[in-house]
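The values are calculated or read from the model by the stated rules, or taken from the named source; none is laboratory data. On a predicted model such as this, the values are computed, not experimentally measured, just so you know. Note that we place each Cβ from the backbone using ideal geometry, even for glycine, and neighbour counts take in every protein chain shown.
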Amino acid sequence: MLSRSVAVVVISLLLVPACTRSDEVRSDAERFCGEAVVQRDNIVAPPLGSEAELQATLDFYRLMGQLAPVAIADDWNVLVVNLETAASLVPGDPESEQLVAKTAYASEPSAFRVMRWLRANCGLDIPITTIAPQGQEPARTTTIAPPESTTPGG
């Protein structure tokens, strides 16, 4: 009787992980680097000429966000939000245009950290253009909102 109970426990322990596995993509630094190297051109100058290209680019950026190593996952996902915000631009609408500009500006530190991580860990140079100088490692932030004050000490 005891051996039957032990067998039931062992079988259930073996089945639980199999039942809880999902097809969800998980952080994978090696695959992230591989995809970044292969898809470098799509990162540097994503194709956005049509709705299909825009959707494919968003899907790629979201996949990379899932694969991103913990060290830059938040930063990569800020870039995803930046791209999603840009994709929602309503031309000629000042509020929409301002939101896109503010989001792009606020995502610069994340883009800089991703660029440095890719260079250091994947041997991949990704040029980025920023408005604010990024010569030093900027303070880590998990938001994409710009600072409330731009005056020193304020």
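Does L89 satisfy being assigned to a helix (DSSP H, G or I) and hydrophobic (A, V, I, L, M, F, W, C)?
So L89 does not fit the description; no.
Just so you know, in region 114-126 the residues that are in contact (Cβ under 8 Å) with a residue 40 or more places away in the chain and in contact with a Lys or Arg (Cβ under 8 Å, 6 or more places away or on another chain) include one that is nearest to I43 (Cα to Cα), and it is I126.
Quick grid of which residues meet (1) surrounded by fewer than 16 Cβ atoms within 10 Å (Cβ to Cβ); (2) part of a helix (DSSP H, G or I); (3) not aromatic (F, W, Y):
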{"position": "V25", "(1), (2), (3)": "yes, no, yes"}
{"position": "G49", "(1), (2), (3)": "yes, no, yes"}
{"position": "E53", "(1), (2), (3)": "yes, yes, yes"}
{"position": "A56", "(1), (2), (3)": "yes, yes, yes"}
{"position": "I72", "(1), (2), (3)": "no, yes, yes"}
{"position": "V78", "(1), (2), (3)": "no, yes, yes"}
{"position": "V81", "(1), (2), (3)": "no, yes, yes"}
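The residues of region 92-128 that are in a loop (DSSP other than H, G, I, E, B) and closer than 27 Å to V38 by Cα, listed by number, are S107, G123, L124, D125, I126, P127, I128.
Among the candidates L89, L67, L2, the residue that is loosely packed, with under 10 Cβ neighbours inside 10 Å and either modelled with pLDDT under 90 or not small (G, A, S) (or both) is uniquely L2.
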